[in-house]
Amino acid sequence: MTDAAVHAVDPDQEGRVRLSGRQICKSFGSAQVLFDVSIDLHAGEVHALLGENGAGKSTLVKILSGYHQPTSGELILDQAPVSFVDSEVGEGHGVILIHQELNLAEQLTVEENIFLGREIKRGWFLDKATMRAQAQELLDQLQCDVDPRARIRDLAVSDRQMVEIAKALSKKADILILDEPTAVLTGREVEILFDQIRRLREQGVAILYISHKLDEIKAIADRVTVLRDGRHITTETVAELEKDDMARLMVGRDIKQMFPDRVPDHSAEIVLSVRDVCVDGQVRDASFDLRRGEVLGFAGIVGAGRTALMEAIIGLRERSSGRIERNGAPVKINSLQDAKKCGIAYLTKDRKGSGLLLNMDMRPNLTLLALEKFGRVFIDRKAEEAALETAIEAFDIRAADRKSKVGDFSGGNQQKLLLAKVMETDPDIVIIDEPTRGIDIGTKSEIYHFIGDLTDRGKSVILLSSEMPEMLGLSDRIAVMAGGRITGILMGDGRNEHEIMRHATGISGKQGASVHE
Amino acid sequence: QEKIKIGVSIPAATHGWAGGLNWHAEQAEKRIEATYPNIDVIVVSANGATEQANDLEDLVSVQNIDALVVLPFESDPLTVPVQQVKEAGKFVTVVDRGLSLPGIEDVYVAGNNPELGRVSGEYIRKRLDDEGKIVILRGIPTTVDTERVDAFIESIEGSNIEVLDMKHANWNRDDGYEVMQDFLSRFPKIDAVWAQDDDIALGVIEAVKQADRTDEMFIVGGAGMKDIIKRVMDGDKLTPIDVLYPPAMIATAMELTALKFASGVPVEGRYILGATVVTEENAKNFYFPDSPF
Amino acid sequence: MSSVERNEAPTKKTSGGFSIDFKALGPFLALVGLFVLGTAINDAFLSGGNLSNIFTRAAFIGIIAVGATFVITAGGIDLSVGSMAAFISGAMIVVMNGLVETLGAGVETVLLGVVLSVILGIGAGAINGLVSTKGKIEAFIVTLGTMGIYRSLVTYMADGGTLSLDFDIRGVYRPIYYGDILGIPIPVLVFFAVAVAGYVLLNMTPFGRKCFAIGSNEQVARYSAIHVDRIKTLTYVIQGLCVSIATIIYVPRLGSASSSTGVLWELEAIAAVIIGGTMLKGGYGRIWGTVVGAIMLTTIGNILNLTDAISNYLNGAVQGLIIIVAVFLQRGDWRRKKSK
Amino acid sequence: MSSVERNEAPTKKTSGGFSIDFKALGPFLALVGLFVLGTAINDAFLSGGNLSNIFTRAAFIGIIAVGATFVITAGGIDLSVGSMAAFISGAMIVVMNGLVETLGAGVETVLLGVVLSVILGIGAGAINGLVSTKGKIEAFIVTLGTMGIYRSLVTYMADGGTLSLDFDIRGVYRPIYYGDILGIPIPVLVFFAVAVAGYVLLNMTPFGRKCFAIGSNEQVARYSAIHVDRIKTLTYVIQGLCVSIATIIYVPRLGSASSSTGVLWELEAIAAVIIGGTMLKGGYGRIWGTVVGAIMLTTIGNILNLTDAISNYLNGAVQGLIIIVAVFLQRGDWRRKKSK
Ligand SMILES: Nc1ncnc2c1ncn2[C@@H]1O[C@H](COP(=O)(O)OP(=O)(O)OP(=O)(O)O)[C@@H](O)[C@H]1O
Ligand SMILES: Nc1ncnc2c1ncn2[C@@H]1O[C@H](COP(=O)(O)OP(=O)(O)OP(=O)(O)O)[C@@H](O)[C@H]1O
Ligand SMILES: [Mg+2]
Ligand SMILES: [Mg+2]
């Protein structure tokens, strides 16, 4: 903290302190989540904030931008104490926060969301032409290919995040705070975002950046602050820290091995076989086999149709054609209930929209999918409580208050709960769509080992992920999709980033599925 | 000494006639309480048969009344509740709509719904010389409405009067206006309108005026609303007569009941009010400009 | 409307456990307040007879409102309950009267009437549910439509007049409304049984849990392998069943049905549900709240009959005011403000 | 109810632009269908007089429904509009009658009546809005309460009877309802003007956009620096203003007000809004849909008056059926199923 004081003496210096939090404490009810945390944001610098799920990162940045009030402590903006009574005041001072949870009105269009609350007017009326043009400009700047007139509810999650970013950019921030902006983005989009962050840094904007992806921290951040259990652990320059150091500082112990050791058995029996599945406009003639004890990865750029294919397999989307066989016998899966009966479970990537009941507490959320397990006539609350106990243990779910609404949980803990919910059905085949979105590195490794255990027990996993290391580290085989088709299934040494990209972008040139050893 | 309590249960003022009923009940309450200091009158109003049954229970159980004056929302559903009041040993006066079982009430002050229909029908028949096209605007589909309409139809049977159509106008001016507008666009020739109720009649008048067909037809309402009586008195060609169905009957019933307790004279039996025809000549006898109805 | 819930979320925690209890107790406290008011106005209020009257009356609306709690919790709405009640009453009367000739005015006739009522209630509920889920039409529109349809049907059956139950049958059927067991009126017992059954179903069974989930977020429910359409339809069926039970105890009271039977009961039922703390947008329902809400509404009507200090014309105003104030007090927000 | 919207999302993309157009056109097509039906039933339907009647009548409910579109879009509901209309009519009549003595039965008197109406409308709307937002009470309960209050007030003012406008004033005021400009009745013109103003306000101003945002997600709105309570209150004020405008053209029609004025208008207004495609849960509103919805409702009533093929007792049933079918057809889901 002393170096911050040095900066503060010379306000004209490039790295001068713009905004700092001093001795911030925050409690929700009886649960204290922040203890005397201090942080300085410098102009023209990217400051990273690291910490496990539930460490208090989001809470801290909400305080810095006026969405929460600190229980004690103060904010200092340009050497003067300030009080952001609400986010409006914060924004008035140029502090812009991109929330971890998407904050868009789903029924409104992209353009309407970007300018929500600060519409451009001509006279008394909305200047729609200007807003559309500016929205288009912002989206172009982010190389984001969505129509400004599209409704948010029709967009893919990653596109929604890009809209959030566009919205923040349009606000002309002096101090920009990004809370896990890349959790739902793909590699290409992350690069675009980084270009923007670098550009803003050049312009002297102070940036606070939260992510669980340590590569990103190395790539973009200048300094890093680590929080653990609501306490400030350290603030250092990124150059001085290796990724392992960061992980250790966060978790408080060494992470020995990220991925489980796996010995793929390519001769195990086929448990699921999908043939010629089509979904109108989204998937064409997808066929693949899944073996017992296998992790089958699905890679592809956004909109390649992976989610559509999976939802079609489990009966959440209408198939226009195609067959599905389970253990060699044809099965009819026309609804998720059918899929459940076939021992297939699905973990959605949209945890807020289709994953969790945010206004309820953990217990009903955990058991919702496997409700009949807890009694057909009456729900056995004791069994539910026991299951919750087990899940909290198994998935390391950290909630300040077990009775609080799931919507108040930290993002990562929501994700863990969602995973626990899906696993409650004890499926033979799990389809997991972005399982580690927003999960800290320590827990990530636990989840990877958990998946490893599953396959060791003879379960099979289909993994949809936009994180390349995860895809490569876990999958025995990798199916790549492009434009609604499976363009290749990679095995063995064929499983590398280059091959995946080649198939994902469609330059592999082949029409049908190709197999690479 | 304990006051004698007379409970009065009537329908709430949800349409013109019922409004008049409430007004007259309130006036009668004031008069009776002023005249007989040892009588307390309690007026309650209900929005439906169930609510009225509730009111009767409350009058007995919490107000501990000695006598009940009731104008049933509908005859049938209130028969048993009134019977229970009677069984609790109270003096019962029933007004307008008779109960479905005989012998419950001590006094019956009866309006005469079929009579209203019959008188109206006979007037129209005579006026049109047994020949012509008419339309009918009905009230809310209830027994009261059905009795009136049935009697009306019966009274024009055998003549060449053709009922072009009848529709419910729910004893409501706005509905009367709209239904009449549509009758006017449908039927090029209408000789007379039976509106059955003065609220409806007021709507009909405006619709006919708007269509500029005032010379073509006349309108017969019912009840004795002051606006219509005034028109009759002024000799308006559109409303030559009105058929009386006075909401003041509630006051009559209340006063009869009070009399029984005040004077001790035996009061019982049936008092049937006729359906008097109001014409230009006698209208001034029925015109009360201060009444809200 | 949802603002109410949302606004509270942040403050809830700070005011600690007591406030949460207060929220659940809210409706009860408001009811106690009403009882105090009633007693203050007239001593007779607390008499056994009067209390028994209040609870017996609350049974109609209360039973219907228990059904409405399911519908509303699952994110739906049913405007047709009042006319459904009228229609079922009418059909019961017509059929029972018809059976007198063959079966006589005995218990069998009444039982057959009861069976018919249950069948019609379930059927009418199923129609509401299926048309809105399968036809993908807003429940508001569907039940507004069926509201007109059922009311017309009873008017038609009664030929514009009143359908009246045979007086011999009334004698047999009468105890269902007027009878009591150990001094507790039968309608009150039925109400209690329905409320307990509703409570168990809503709070202790998978079905109830699914209603909460659907009302809270339909998409999440669908992704949790819940047959959303089926469950929603079932809530309307339960509503229909509740209407039929209410009708079964209603018919012996007045022994008749007409087009004016049950008018605006839907509004009262929904009001009872909302007063009880269930959210109109769905996702949160509370049977006991509903029961208290129904009793509150009835009590307000009763209190107005205790005094003639207020002009009859102003009944509606007083009623409206009391409802607003009662809900305001039970929400408990004023306490928080004051304590700040 | 939200299922309807959500279900469509996945299919929407695939079915392409046409389907979206169809959805917006839906209400219009349903209206055209009704007109065809009307013409088939009776030639008189298409006569200028009849059409002018339909549109003039639709003006009342339509104007009120334009206001309701704002309230519902922002996630609220207003049940008090019918009794508010009755109350405002009554107050206008009382005041104008009173002014005759001092000002005479001239234009000034009418103007003062109109000014009073606007003040009362805005005031009543503000009360609904403020009590529900500041008091944190569900709008359903607040407006149910004020519904009773306003209706009682008019009953009280009228002494249970009818308030009648002075006949001299009627002469002056009459043209507002019965007059026309270039053959178009003035109420229709006013309706059109209100609809255009409503459209502009809802779709072309920041205020309208904020209504959408609040109805869609209050939390997001709050995070976007939108003064949620203020905007919500304003929607009720707009609703009140619309009621007052409707009243201003209603009073000269029959020159009277009583406790039966405006009964159930709230249901009609909400129905018009929902038929028009606005979502009851908020977040999406469509003024033109509302206008068409109001005209549809009026047309159904008119068609039923033009035929005697249907028993009068069944009017309500036919009305209910037509509403359900019309909404089903306009939702356009049946088309998709068929094309599969
Ligand atoms: N509104 C709230 N009410 C109650 N508890 C809350 C609320 N917001 C956050 N918390 C609690 O505060 C703690 C810190 O949460 P926070 O969201 O700041 O974590 P985080 O570091 O951002 O985690 P993640 O990496 O998972 O996003 C968690 O235990 C969470 O449950
Ligand atoms: N609810 C929806 N409504 C309309 N279109 C949709 C919807 N969901 C997905 N799509 C479209 O369908 C196509 C395939 O989407 P899908 O989500 O399956 O892609 P994906 O490859 O799984 O993407 P991701 O990499 O983000 O998981 C995309 O063009 C997408 O925009
Ligand atoms: Mg976070
Ligand atoms: Mg008195």
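The values are calculated or read from the model by the stated rules, or taken from the named source; none is laboratory data. Here the structure is a predicted model, which is why all the values come from computation and not from measurement. All Cβ positions, even for glycine, are placed from backbone atoms using ideal geometry, and neighbour counts span all protein chains on display.
The set of residues from region D:249-282 being under 21 Å from D:Met204 (Cβ atoms) and either surrounded by fewer than 24 Cβ atoms within 10 Å (Cβ to Cβ) or touching a Cys at 6+ places or on another chain (Cβ under 9 Å) (or both) comprises D:Gly277, D:Met279, D:Gly282. If you go through region A:141-150 and pick out every residue that is outside any loop (DSSP other than H, G, I, E, B) and crowded, with 19+ Cβ neighbours inside 10 Å, you end up with 0. Out of all the residues in region A:33-68, which are more than 18 Å from the chain's Cα centre (by Cα) and either among the small types (Gly, Ala, Ser) or within 16 Å of ligand 2 (Cβ to nearest atom) (or both)? Across region A:33-68, the qualifying residues are A:Ser38, A:Ala43, A:Gly44, A:Ser65, A:Gly66. Mind checking which residues of region C:211-227 are part of a helix (DSSP H, G or I) and surrounded by fewer than 22 Cβ atoms within 10 Å (Cβ to Cβ)? C:Gln219, C:Arg222, listed by residue number. It is to be established whether one or more residues within region A:418-428 are under 16 Å from the mean Cα position of the chain (by Cα) and either over 28 Å from A:Ala504 (Cα atoms) or modelled with pLDDT of 90 or more (or both). Scanning region A:418-428 turns up at least one residue that is under 16 Å from the mean Cα position of the chain (by Cα) and either over 28 Å from A:Ala504 (Cα atoms) or modelled with pLDDT of 90 or more (or both). For B:Pro289, are the conditions met, namely being under 30 Å from B:Ala34 (Cα atoms) and crowded, with 21+ Cβ neighbours inside 10 Å? No: the conditions fail for B:Pro289.
Scan region D:307-323 for residues that are modelled with pLDDT of 85 or more and surrounded by fewer than 22 Cβ atoms within 10 Å (Cβ to Cβ) and the total you get is 3. Comparison of A:Glu202, A:Glu216 shows that the only residue that is crowded, with 16+ Cβ neighbours inside 10 Å, out of contact with any helix residue (DSSP H, G or I) (no Cβ under 6 Å at 6 or more places or on another chain) and of a type in the set (Asp, Glu) is A:Glu216. Within region D:145-187, being surrounded by fewer than 23 Cβ atoms within 10 Å (Cβ to Cβ) and more than 14 Å from every other protein chain (Cβ to nearest Cβ) holds for D:Asp168, D:Val172, D:Ile181, D:Leu182, D:Gly183, D:Ile184. The residue that is farthest from the other protein chains (Cβ to nearest Cβ), counting only those in region A:435-468 that are charged (D, E, K, R) and more than 16 Å from ligand 3 (Cβ to nearest atom), is A:Asp456. Filtering region C:302-324 to residues that are in contact (Cβ under 8 Å) with a residue 24 or more places away in the chain and facing another protein chain (nearest Cβ under 7 Å) leaves C:Asn302, C:Leu306, C:Ile323. The single residue among D:Thr146, D:Thr133 that is in a helix (DSSP H, G or I), of a type in the set (Ser, Thr, Tyr) and closer than 30 Å to B:Gly20 by Cα turns out to be D:Thr146. There is at least one residue in region A:329-341 that is among the β-branched types (Val, Ile, Thr), free of Cβ contacts under 8 Å to residues at least 40 places away in the same chain and assigned to a loop (DSSP other than H, G, I, E, B). If I ask for residues that are of a type outside the set (Ser, Thr, Tyr) and within 22 Å of the chain's Cα centre (by Cα), which ones from region A:352-368 would you list? Matches in region A:352-368: A:Lys352, A:Gly353, A:Gly355, A:Leu356, A:Leu357, A:Leu358, A:Asn359, A:Met360, A:Asp361, A:Met362, A:Asn365, A:Leu366. Tell me yes or no: at least one residue of region B:221-229 is farther than 29 Å from D:Thr298 by Cβ and free of Cβ contacts under 8 Å to residues at least 60 places away in the same chain. Yes, because at least one residue in region B:221-229 is farther than 29 Å from D:Thr298 by Cβ and free of Cβ contacts under 8 Å to residues at least 60 places away in the same chain. The listed residues are A:Asp265, A:Asp254, A:Asp276, A:Asp245, and the only one of them that is surrounded by fewer than 18 Cβ atoms within 10 Å (Cβ to Cβ), at pLDDT 90 or above and not β-branched (Val, Ile, Thr) turns out to be A:Asp276. The residue that is nearest to ligand 3 (Cβ to nearest atom), counting only those in region A:45-59 that are farther than 11 Å from A:Val226 by Cα and modelled with pLDDT of 90 or more, is A:Ser58. Of all residue pairs spaced 6 or more apart or on separate chains, those with beta-carbon atoms under 6 Å, a first member in region B:71-88 that is over 16 Å from C:Tyr173 (Cα atoms) and a second member that is of a type in the set (Lys, Arg) are B:Pro72/B:Arg97; B:Ser75/B:Arg97.
What is the residue count in region A:348-380 for residues that are more than 7 Å from chain C (Cβ to nearest Cβ), touching a Gly at 6+ places or on another chain (Cβ under 9 Å) and surrounded by fewer than 22 Cβ atoms within 10 Å (Cβ to Cβ)? Matching residues across region A:348-380 total 2. Restricting attention to region A:106-130 and to residues that are of a type in the set (A, V, I, L, M, F, W, C) and closer than 20 Å to A:Gln196 by Cβ, the residue that is surrounded by the fewest Cβ atoms within 10 Å (Cβ to Cβ) turns out to be A:Phe115.
Residues in region B:34-67 that are facing another protein chain (nearest Cβ under 10 Å) and of a type in the set (D, E, K, R): B:Asp40, B:Glu51, B:Asp55, B:Glu57, B:Asp58. The residue that is nearest to the other protein chains (Cβ to nearest Cβ), among those in region A:57-67 that are free of Cβ contacts under 8 Å to residues at least 60 places away in the same chain and more than 8 Å from ligand 1 (Cβ to nearest atom), is A:Tyr67.
Yes or no: B:Ser61 under 27 Å from D:Thr155 (Cα atoms) and either within 16 Å of ligand 1 (Cβ to nearest atom) or of a type in the set (Ser, Thr, Tyr) (or both)? Criteria not met by B:Ser61.
The residues of region B:140-187 that are within 18 Å of B:Gln210 (Cα to Cα), of a type in the set (Lys, Arg) and touching a residue at least 24 places away in the same chain (Cβ under 8 Å) amount to a single one, B:Arg173. Look at region B:19-37: where a residue is over 18 Å from C:Ile310 (Cα atoms) and a partner is away from ligand 2 (no atom under 16 Å from the Cβ) and of a type outside the set (Gly, Ala, Ser), sitting 6+ places away or on another chain with Cβ atoms under 7 Å, you get B:Gly20/B:Pro247; B:Gly20/B:Pro292; B:Gly20/B:Phe293; B:Ile32/B:Ile39; B:Ile32/B:Val41; B:Ile32/B:Met254; B:Ile32/B:Glu255. For region C:95-114, the count of residues that are buried (at least 24 other Cβ atoms within 10 Å of the Cβ), more than 19 Å from C:Ile61 (Cα to Cα), touching a residue at least 60 places away in the same chain (Cβ under 8 Å) and under 18 Å from the mean Cα position of the chain (by Cα) is zero.
State all residues of region B:214-226 that are surrounded by fewer than 24 Cβ atoms within 10 Å (Cβ to Cβ) and outside any strand (DSSP E or B); if no residue qualifies, say none. Residues satisfying the conditions are B:Thr214, B:Asp215, B:Glu216, B:Met217, B:Lys226. Scan region C:64-78 and give yes if some residue there is within 14 Å of chain B (Cβ to nearest Cβ) and small (Gly, Ala, Ser), otherwise no. No, the conditions are met nowhere in region C:64-78.
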